[in-house]
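Chemist: Shown below is the structure under consideration.
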Amino acid sequence: MATKWEKWRNGRVTSRGKKVQREKERGENEDEKEEEEVEEEEEEEEEKEEEEEEEEDEEEEEEEEEEEEEVEEEEEKEEEEEEE
């Protein structure tokens, strides 16, 4: 039969085992949280890059339109000068 000391020690070991298991679970949860945070950051970076690309595309389109307008204005001026 186990003595009081052995019972206490065995109970302590199981408590520690449970404590260790809880710590492992917490660690796993923290790892999952970190992975989720990393994924969210990557998604945000991708979204920012896409927005920047869209803005650049819009700016290029605006510049092209302005250039076309300038060319049309120059052609109109030339036509007016020729008519005079």
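Each reported figure results from applying straightforward, stated rules to the coordinates on display, with no laboratory input. Remember, it's a predicted structure, so these values are computed and weren't measured experimentally. Cβ coordinates were reconstructed from backbone atoms using ideal geometry, including for glycine residues, and neighbour counts include every protein chain displayed.
Chemist: Under 17 Å Cα-Cα from residue 24, which lysines qualify once same-chain neighbours fewer than 8 residues away are excluded?
Modeler: Cross-link targets: 33.
Chemist: Got a sec to turn the phi values of region 40-53 into Karplus ³J(HN,Hα) couplings, 6.51 cos²θ - 1.76 cosθ + 1.60 with θ = phi - 60°, whole Hz, x for Gly and Pro?
Modeler: Karplus-based 3J(HN,Hα) across region 40-53 equals 4, 4, 4, 5, 4, 4, 4, 4, 4, 4, 5, 5, 4, 4 Hz.
Chemist: If you don't mind, another one. So if we plug the beta-carbon distance of residue 39 and residue 69 into 1/(1 + (r/R0)^6) with R0 = 41 Å, what FRET efficiency do we get, rounded to 0.05?
Modeler: 0.35
Chemist: Using θ = phi - 60° and the Karplus curve 6.51 cos²θ - 1.76 cosθ + 1.60, what whole-Hz ³J(HN,Hα) does each residue of region 57-65 get, with Gly and Pro shown as x?
Modeler: Computed from phi, the couplings for region 57-65 are 4, 4, 4, 4, 4, 4, 4, 4, 4 Hz.
Chemist: While we're on this one: Pop out the ³J(HN,Hα) list for region 74-83 in order, Karplus 6.51 cos²θ - 1.76 cosθ + 1.60 with θ = phi - 60°, rounded to Hz; leave Gly and Pro as x.
Modeler: 5, 5, 5, 4, 4, 5, 5, 5, 5, 5
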